[in-house]
Amino acid sequence: METDLAEFEPKTANDRSVMHLLYGLHTLAWFSGGVFAVIALIINYLRRADETNALYIDHHNYMIATFWWTLLWLVVLSPLWLLFIFPGAIAYGIVWLWYLYRCIRGWMRFSDNRLT
């Protein structure tokens, strides 16, 4: 019976720094037109694939889900921009606040070594 040593590999300061960077990219995504979020999403998928630590897997999944739910709501609400500019702006503002809340909440929980 073989033992996978990666299961017992402790997390390094670099691993934590990458997670903080990813949360930072997601948090600042609105100021880059979403480019930072796409970059962070790609890294989330790549890092999650090789991850064995439940805390890190949970936070990667949390950031990925936040991104996709946000994109879904932006697409669903986009007709409001075509019909009525003011309701579209309010709807997008609410989505932006929800996204920001999710990023900050997840980041704080990760900093406290807690699952989302």
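Values in this text are rule-based calculations from the coordinates and carry no lab data. As the structure is a prediction and not an experimental result, all values here were calculated from the model. Here the Cβ positions follow ideal geometry from the backbone for every residue, glycine too, while neighbour counts run over all protein chains shown.
Overview of values
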{"quantity": "Region 49-100: translational diffusion in µm²/s, Stokes-Einstein, Kirkwood Rh over Cα pairs, 20 °C, 1.002 mPa s", "calculated": "172"}
{"quantity": "Region 11-111: relative contact order as a whole-number percent, Cα under 8 Å and 6+ apart", "calculated": "29"}
{"quantity": "Inverse of mean 1/r across different Cα pairs in region 11-111, Kirkwood, Å", "calculated": "14.2"}
{"quantity": "18 Å reach of a label modelled at ASN113, 7 Å along Cα-to-Cβ, counting backbone N of region 41-68", "calculated": "52-60"}
{"quantity": "Helix 54-77 vs. the chain, principal-axis angle (Cα, 0 to 90°, nearest 10)", "calculated": "10"}
{"quantity": "Helical contribution to [θ] at 222 nm, DSSP H n ≥ 4, -39,500 (n - 2.57), averaged over the chain, rounded to 500", "calculated": "-25000 deg cm²/dmol"}
